[in-house]
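The values are calculated or read from the model by the stated rules, or taken from the named source; none is laboratory data. Keep in mind the model is a prediction, meaning the values are calculated, not measured. Methodologically, a virtual Cβ is constructed for each residue, glycine included, from the backbone with ideal geometry; neighbour enumeration extends over all protein chains shown. Ligands, DNA and RNA are stripped out before the accessible areas are found, and what is left, the full protein with its side chains, is counted by its heavy atoms. Shrake-Rupley method; radii C 1.70, N 1.55, O 1.52, S 1.80 Å.
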Amino acid sequence: MWIGLSLVSGVAVLASALVCALLVWRGPLDAPDADRKVHQRPTPTSGGLGIAAGFLAAVLALWFGHPGWNAVLAEQGAALIAAITLFACVFLLLGFIDDAMPLNPRLKFALFVIAALAAAWRVGIVTQIPLVGGDALQLPFVVGLAGTALWIFTLVNAVNFMDGSNGLAMGSAAIGLAALGVIAFMLHSPVGAALCVCTIGALFGFLIWNFPHGRLFAGDSGALFVGAVAALASLYIIRRTQLSPLVPPILFFPLLADALLTLLWRARRRRSLLDAHAEHLYQIAQR
């Protein structure tokens, strides 16, 4: 099984790196036209297209290139895997549009809420929170739906907010996904582990071009796609293994902590939470 995962991770790295190379050559450019941007010259962006290409190539290679995995995927919810891929691509598309033609912040907020609610409904609503002593808190359906959608919305935006320094957001996401993949494998969810491995391989293919010299940026398309895959893979693993829903936020805490603390700081000072800014802790550290 690990041999199959190793091979498809190589497919993900190769496909992602090749598409990213094309983007470096002829991709859309991110101009340093705002105070919050620290790069000095126009830089190719939308590396998320490369990440998505690597992820999709790896999933297809797993499905069609390895008979053993084909059966495992069919048994453990092929429709769910398709739904995760579909909703991740929805966020990819929203990010790509925003890269090319910045969306109105309120419109983008509304679209994210709708996509998060739909993804939560389809992939898996968390309605149970484990407590000490083996007990569990049962959540009403509406509360579970809202909380699950909030998890998707928050992680997607946290990755996007942190995507302002070469390697930081994508590298942190890869580390969180690696830990999540190991947990999934130990809890007998090979498909959950495969989702993580496919994404990590695609991220490595992108990071070849991004870190440390920043020849290509992930853009909103990359940040939103990776955040969506991480959030939805977490829900899939929770659904298949009964993993505590408190575990994924711990694994992605470095991304969540900076974003949420910054939002709290801005809210206390009555600043807009929807406008772009350069007040994250990592941005202050850079300066």
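The set of residues in the range 10-22 that are over 20 Å from the mean Cα position of the chain (by Cα) and open to solvent by less than 50 Å² (accessible area, probe 1.4 Å) contains only ALA21. The set of residues in the range 220-271 that are touching a residue at least 24 places away in the same chain (Cβ under 8 Å) and of a type in the set (Gly, Ala, Ser) comprises SER221, GLY222, ALA223, GLY227, ALA228, ALA230, ALA231, ALA233, SER234, SER244, ALA259.
Total residues in the range 22-32 satisfying the condition of being in contact (Cβ under 8 Å) with a residue 60 or more places away in the chain and out of contact with any Phe, Trp or Tyr (no Cβ under 7 Å at 6 or more places or on another chain): the figure is 3.
In the range 214-255, which residue that is aromatic (Phe, Trp, Tyr) and over 13 Å from the mean Cα position of the chain (by Cα) is least open to solvent (accessible area, probe 1.4 Å)?
Per the stated criteria, the residue is TYR236.
Number of residues in the range 258-287 that are loosely packed, with under 14 Cβ neighbours inside 10 Å and in a helix (DSSP H, G or I): the value is 8.
Select from the range 40-89 the residues that are in a loop (DSSP other than H, G, I, E, B) and open to solvent by 30 Å² or more (accessible area, probe 1.4 Å) and write down the one among them that is modelled with the lowest pLDDT. So the residue we want is HIS66.
Could you please tell me which pairs satisfy a Cβ distance under 9 Å, a separation of 6+ or placement on different chains, a first residue in the range 185-204 that is touching a residue at least 12 places away in the same chain (Cβ under 8 Å) and closer than 18 Å to LEU243 by Cα, and a second residue that is open to solvent by 10 Å² or more (accessible area, probe 1.4 Å) and among the hydroxyl-bearing types (Ser, Thr, Tyr)? These pairs meet every condition: LEU187/THR241; HIS188/THR241; SER189/THR241; GLY192/THR241. Close contacts from the range 117-128, counting a first residue that is outside any helix (DSSP H, G or I) and a second that is charged (D, E, K, R) and open to solvent by 70 Å² or more (accessible area, probe 1.4 Å), with Cβ to Cβ under 8 Å and a gap of 6+ residues or different chains, come to GLY124/ARG239. For the range 129-163, filtered to residues that are open to solvent by 30 Å² or more (accessible area, probe 1.4 Å) and in contact (Cβ under 8 Å) with a residue 60 or more places away in the chain, the residue that is nearest to HIS213 (Cα to Cα) is ASP163. With the condition kept exactly as written, say whether any residue in the range 203-213 is open to solvent by 10 Å² or more (accessible area, probe 1.4 Å), in contact with a helix residue (DSSP H, G or I) (Cβ under 8 Å, 6 or more places away or on another chain), on the phi < 0 side of the Ramachandran plot and outside any helix (DSSP H, G or I). Yes; the residues of the range 203-213 include at least one that is open to solvent by 10 Å² or more (accessible area, probe 1.4 Å), in contact with a helix residue (DSSP H, G or I) (Cβ under 8 Å, 6 or more places away or on another chain), on the phi < 0 side of the Ramachandran plot and outside any helix (DSSP H, G or I).
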